[in-house]
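Each remark here refers to the structure printed beneath this line.
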Amino acid sequence: MKLPIPFLQSKKEESEYYLALILTDEKTGAVILRVENGNLKKVNSHEAILHAPLDELSLDDLISAVDKSISRAEEVLPPDIQTHQTIFGVQERWVDEETKKITKENLEKLKKVCDALDLTPIGFMVTTEAILHLMQDEEGAPVSAVFAEISKKEVTVSLLRGGKVIESFSGPHLGSTPATVDKLLGHFTVPVLPARIVIFQSKPSEHTSQAFITHHWSKNLPFMHVPQVTVIPSGFDMRSVMYGAASQMGFTVVEGKHYVLPEIPARVIKEELAEAADEDQFASESLSEPTEEPPIDLGKSAEAEEADSAAESDFGFVLDRDIPERKSLEPETETHEEAFEPQIHHKVHDEALAEDEEREYDSRQRRSAGEKKLPFLAALSALKIPKNIKMPAISGLFSKLSGKNTPYKIIIPVAIVIIVIVGVILFYYYKMQANVTLTMKPNMVSQDETVTFSIAEPNDFGNNLVAAKSISTSIAGQVSTPATGKKDVGDKAKGTVTVFNNTSSSVSISSGTQLTASNGQVFTLDNSITVASASGDIFSGTKPGTTDTTVTAKDMGTDGNEPSGTEFNIGSGNNVAAKNDNAFSGGTSKTVTVVSSNDIAKLRSQLPGSVQSSAKQKLASEISSDETLLPLISSPTLENQKFDHQVGDQASQVSLTASVVYAGIAYANSDLDDYAKSIVKQKYPQDPTVANKSVKETVNDASQRTSQAATATVAIQAGLLPNIDKQDVISNIQKKSLGDAKNSLTALPQVQSVDISFSPPIPLLPLLFPTLPHHISVSITQ
């Protein structure tokens, strides 16, 4: 809501503003209305979508949504203008059926909304009743239909006859909205249901309309033929409340371009009125006399009653005086009881509806009587005599026929008239040809099936099996990747040692024998040696035998560069040992990058993906135009693999060059079309004809089951046509007038348009269908 700024307010304009506020399960809608010279114009409107059903919404969230819709609608108003006087459009379940008052819980909720947003309530109406009233005004006749109100949580279906509610049933949503309505219709007790269904959603959806059009109604429902579905357009509920408010306040609505309800064919209106007339006694017993609704009471607490009495006194439409007169009353002269005059709840006047139905019934009786005449005489009565042709007075005509030649004067004109009549009858009987072309609208159905595409087996539609063929292709490719392996490289330390033998016999040591240094480093003899025995005796002392030889460190690295004087153990004993006089040298070490086994595996997995797109294109190019490739490719294989480095080779990058072989599965489009037609005929045996070029298949979720077969979900769409017997059509229209024949043909199921031509075309004479059946030709197109 816009906040008023007193020092910026200008002189008040000579107009009044009202606010229409609509509350539904899915939205709040605000309409700003302006009164000028007795006309009510819509200034602006806005809808705020609710994140939860209305009854489950918290009060703060409801106030926030209402404030948002009002604020956005008020954006176009001048700064000094605010809307306070508010008409509410509420749901039917908010009103108690017996008292016709808003229920206490919802009344308290509305009161808090008005207090929070500074709104002055002046009346309410049930939105669905306002919608039916506006439909009656725009269509020019009381509504006879099945009215389905769809909310988030439930569906309410009402049977309307001549604008009156005969029966109503509600239920929660089933698998789909059409299925829910279908189920609820089964509870009605009337012998014939209206051939029209009106759908009202506070947030209309194109999907809902399509779902109702394609729905197959239960065969046990007493429809005369396939019902016509009318979806109330977006914004129609707000227009309805606006028109209802204008009607009660005595204003005329002025509005620009808006969505017009689809025109109802005359045949449908005739059928609806006929059904309403046939069941008038049943309807009158089901409906009670309309009663005026009690006033809205936003009842406040006792503490706040006195402080807010001025605001409450404005709640509700005031009867027997205009709105300006009501506003001019002094607050002191109004009592609390006077302010709460009875509410004007939107309703249809039963007396006016009864008169309309009586006039329509008399018209039908007259038309029915006319149809019982002979075909040619009925046609002559339809001739229009041009205004410039003067007809002689009857009295003058008889005066000229007096005298002695009276018989001749009478017989000759009568004979001429008879000859003309007989001639016209014979011409119609033997020469007139009628050509009828019926354009049919297929009834679209859909079905999902799991299908197996087999390379090894033929078509078997009964088991959902479609024959296919295997195709393959080879694509050469190359990929590279950085090497990720690590390896230590370097040189081993070398040096010379003196081997000491302290035993009494010589010792032979073979090459490769390990020597262990005092720091744990291991070395090996480069050559085989023999070390002499120790010499001397116990008195002069013993001297071990010695031999010099070279050794090499077992592992690379600088740890093998032993200093001089290092002692080495040879074997497990202590009688043979070694020592170096000079330090060892030459031991080096470093870490380098090499090719790892993971690098090789990575290249093998990357190569197929790098050429997959090209492979699919090549596979698709190898099938004919009447075939389709399944959207999957089997696991590829690699041939002629060549790596530029092997595992363990020092390198910064490694590459793979190979040929990738892909295999795919393709099926013939004609086979899948035949399969789809067989499924449709199996699922819908009552509709034996499938419209030409209406069958469409979409393959989804394809997966390779074996090397010889794959499975996929096939979504099938097809248009079904009813079985229309041409001879029955001819029998039905022969001898009828053009208008009656068109009405009869249009009533056939799924007939979209009717084209009728007569040969030869005769001006002035009415167009009647020939009596002879073979003079009428009927063709059916799609």
List, please: which pairs have Cβ atoms under 8 Å, are six or more places apart or on different chains, and start with a residue in the range 474-486 that is hydroxyl-bearing (Ser, Thr, Tyr) and end with one that is not in a strand (DSSP E or B)? 480/603; 481/599; 481/602; 481/603; 481/606; 484/596; 484/598; 484/599
What pairs come out if I take residues in the range 584-607 that are without any contact (Cβ under 8 Å) to a residue 40 or more places away in the chain and pair them with residues that are surrounded by fewer than 16 Cβ atoms within 10 Å (Cβ to Cβ) and hydrophobic (A, V, I, L, M, F, W, C) whose C-beta lies under 8 Å away, six or more apart or interchain? none
Residue 555 vs. criteria within 30 Å of residue 652 (Cα to Cα), touching a residue at least 24 places away in the same chain (Cβ under 8 Å) and not in a strand (DSSP E or B): no
If I filter the range 767-775 for residues that are open to solvent by less than 50 Å² (accessible area, probe 1.4 Å), part of a helix (DSSP H, G or I) and more than 30 Å from residue 223 (Cα to Cα), do I get at least one hit? yes
So, in the range 519-552, of the ones that are of a type in the set (A, V, I, L, M) and not in a strand (DSSP E or B), which residue ends up surrounded by the most Cβ atoms within 10 Å (Cβ to Cβ)? 534
List, please: which pairs have Cβ atoms under 7 Å, are six or more places apart or on different chains, and start with a residue in the range 174-196 that is on the phi < 0 side of the Ramachandran plot and of a type in the set (Lys, Arg) and end with one that is open to solvent by 10 Å² or more (accessible area, probe 1.4 Å) and in a loop (DSSP other than H, G, I, E, B)? 183/174; 196/227
Return yes or no: is residue 219 closer than 23 Å to residue 240 by Cα, part of a loop (DSSP other than H, G, I, E, B) and open to solvent by 20 Å² or more (accessible area, probe 1.4 Å)? no
Is it true that residue 625 is open to solvent by 60 Å² or more (accessible area, probe 1.4 Å), of a type outside the set (D, E, K, R) and touching a Gly at 6+ places or on another chain (Cβ under 9 Å)? no
Which of (1) of a type outside the set (Gly, Ala, Ser); (2) touching a residue at least 24 places away in the same chain (Cβ under 8 Å); (3) loosely packed, with under 13 Cβ neighbours inside 10 Å is the odd one out, the single condition residue 563 does not satisfy? (2)
Could you go through the range 164-185 and let me know if any residue there is of a type outside the set (S, T, N, Q) and closer than 20 Å to residue 89 by Cβ. yes
If I filter the range 663-674 down to residues being in contact with an Asp or Glu (Cβ under 8 Å, 6 or more places away or on another chain) and assigned to a helix (DSSP H, G or I), which single residue comes out as surrounded by the fewest Cβ atoms within 10 Å (Cβ to Cβ)? 670
Open to solvent by 30 Å² or more (accessible area, probe 1.4 Å), among the β-branched types (Val, Ile, Thr) and farther than 24 Å from residue 746 by Cα - does that describe any residue in the range 189-204? yes
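Table: residues versus (1) at pLDDT 90 or above; (2) hydrophobic (A, V, I, L, M, F, W, C); (3) open to solvent by 60 Å² or more (accessible area, probe 1.4 Å).
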{"site": "425", "(1), (2), (3)": "no, yes, yes"}
{"site": "433", "(1), (2), (3)": "no, no, yes"}
{"site": "441", "(1), (2), (3)": "no, no, yes"}
{"site": "451", "(1), (2), (3)": "yes, yes, no"}
{"site": "457", "(1), (2), (3)": "yes, no, yes"}
Every residue in the range 66-89 that is open to solvent by less than 50 Å² (accessible area, probe 1.4 Å), of a type in the set (A, V, I, L, M, F, W, C) and modelled with pLDDT under 90, please. 73, 77, 81
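The values are calculated or read from the model by the stated rules, or taken from the named source; none is laboratory data. On a predicted model such as this, the values are computed, not experimentally measured, just so you know. Heads up, the Cβs are rebuilt from the backbone with ideal geometry, glycines too, and the neighbour counts pull from every protein chain shown. Just so you know, the surface numbers come from the protein's heavy atoms only, side chains and all, with ligands and any DNA or RNA stripped out. Shrake-Rupley method; radii C 1.70, N 1.55, O 1.52, S 1.80 Å.
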